[in-house]
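Undergrad: After the structure tokens below, expect a handful of questions from me.
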Amino acid sequence: MIEGLDTDEQRAWHGLMAVFLVGIPQVERTFRAHGLVHIEYGFLCSLETAPKRLSDLAAISNVSISRLSHRISKLVERGYVRLRPDENDGRATVAELTDTGRALIAEIAPAHAKALREVLFDHLTRDQVNALAEAMQTVGTNLGACVDPT
């Protein structure tokens, strides 16, 4: 029992911890098998729709520029991402997926989606998914994180 939390708050916290400690490692296996960590897979997915300035990628990924630079350099070394100067602002750098990076996402994505469904979404009704999305968007926003409003 956590002093100061009511029964529903404790149930929510313990459920969230179970997802983090048991569920997330199951989901991470889908990309760890390819030598990626969670943040790297997130970067690749963020770049899938369009190239992004590094500063924008850091903001939407909720990471510092230094952490982004460290991880992006690993993705560049492995041939998944290419860096180039921003055509509109020579001081900025743009990251874009290579064909190898696109192929990697195409390979991982089905297993990743399947794992997310097995770990989380298959156990919830549509109303529960909507409530979870609303709750997590609120928490993320209040933490100062950049959250996807869709």
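Undergrad: Scan region 87-114 and report the pairs whose first residue is surrounded by fewer than 12 Cβ atoms within 10 Å (Cβ to Cβ) and whose second residue is assigned to a strand (DSSP E or B) and not hydroxyl-bearing (Ser, Thr, Tyr), with Cβ atoms within less than 9 Å and a gap of 6+ or a chain change.
TA: GLU87/VAL94; ASP89/ARG53; ARG91/PRO85
Undergrad: Right, here's the next one. On the given criteria, is ARG29 surrounded by fewer than 15 Cβ atoms within 10 Å (Cβ to Cβ), touching a residue at least 12 places away in the same chain (Cβ under 8 Å), in a helix (DSSP H, G or I) and not aliphatic (A, V, I, L, M)?
TA: For ARG29, the condition - surrounded by fewer than 15 Cβ atoms within 10 Å (Cβ to Cβ), touching a residue at least 12 places away in the same chain (Cβ under 8 Å), in a helix (DSSP H, G or I) and not aliphatic (A, V, I, L, M) - is met.
Undergrad: Only one of GLU87, GLU96 is of a type outside the set (Val, Ile, Thr) and either closer than 29 Å to VAL19 by Cα or assigned to a strand (DSSP E or B) (or both); which?
TA: On the way: GLU87 fails: either closer than 29 Å to VAL19 by Cα or assigned to a strand (DSSP E or B) (or both).
The unique qualifying residue is GLU96.
Undergrad: Let me ask something else about it. Do you know which residues across region 115-150 are part of a helix (DSSP H, G or I) and in contact with a Ser or Thr (Cβ under 8 Å, 6 or more places away or on another chain)? Walk me through how you get there before you give the answer.
TA: Within region 115-150, the subset part of a helix (DSSP H, G or I) is 115-119, 121-123, 126-142.
The one that is part of a helix (DSSP H, G or I) and in contact with a Ser or Thr (Cβ under 8 Å, 6 or more places away or on another chain): ALA115.
Undergrad: Now, a different point. Among (1) within 30 Å of ILE65 (Cβ to Cβ); (2) among the hydrophobic types (A, V, I, L, M, F, W, C); (3) assigned to a helix (DSSP H, G or I), where does LEU36 come up short?
TA: With respect to (1) within 30 Å of ILE65 (Cβ to Cβ); (2) among the hydrophobic types (A, V, I, L, M, F, W, C); (3) assigned to a helix (DSSP H, G or I), LEU36 is out only on (3).
Undergrad: Out of region 47-78, which residues are outside any helix (DSSP H, G or I) and within 14 Å of the chain's Cα centre (by Cα)?
TA: Residues satisfying the conditions are ASN62, VAL63.
Undergrad: Go through LEU132, LEU54 for me and flag whichever is over 24 Å from GLN26 (Cβ atoms) and aliphatic (A, V, I, L, M).
TA: Values: LEU132 fails: over 24 Å from GLN26 (Cβ atoms).
Testing whether each residue is over 24 Å from GLN26 (Cβ atoms) and aliphatic (A, V, I, L, M) leaves just LEU54.
Undergrad: Is it true that ARG82 is surrounded by 13 or more Cβ atoms within 10 Å (Cβ to Cβ) and at pLDDT 95 or above? Steps first, answer last, please.
TA: Numbers: surrounded by 13 or more Cβ atoms within 10 Å (Cβ to Cβ): yes; at pLDDT 95 or above: yes.
Yes; evaluated as a whole, the condition is true for this residue.
Undergrad: Step by step: first the residues of region 32-59, then only those that are over 30 Å from ASP89 (Cβ atoms) and out of contact with any helix residue (DSSP H, G or I) (no Cβ under 7 Å at 6 or more places or on another chain), then the one that is surrounded by the most Cβ atoms within 10 Å (Cβ to Cβ). Which residue is that? Reasoning before the result, please.
TA: Filtering region 32-59 down to residues over 30 Å from ASP89 (Cβ atoms) leaves 32-35.
Filter once more, so that each one left must be out of contact with any helix residue (DSSP H, G or I) (no Cβ under 7 Å at 6 or more places or on another chain): 32-33, 35.
On the way: ARG32: 13, ALA33: 11, GLY35: 10.
For region 32-59, the residue satisfying everything is ARG32.
Undergrad: Restricting attention to region 13-25, which residues are of a type outside the set (A, V, I, L, M) and exposed (fewer than 14 other Cβ atoms within 10 Å of the Cβ)? Full working, then the answer.
TA: Narrowing region 13-25 to residues of a type outside the set (A, V, I, L, M): 13-15, 20, 23, 25.
Residues satisfying the conditions are TRP13, HIS14, GLY15, PHE20, PRO25.
Undergrad: Then there is this: Condition first: closer than 22 Å to ALA133 by Cα and either among the small types (Gly, Ala, Ser) or in contact with a Pro (Cβ under 6 Å, 6 or more places away or on another chain) (or both). Now tell me which residues in region 1-52 satisfy that.
TA: ALA12, GLY15, ALA18, GLY23, GLY42, SER46
The values are calculated or read from the model by the stated rules, or taken from the named source; none is laboratory data. Here the structure is a predicted model, which means the values were calculated and not measured. Quick reminder, even Gly has a Cβ in these numbers, built from the backbone with ideal geometry, and neighbours come from all protein chains shown.
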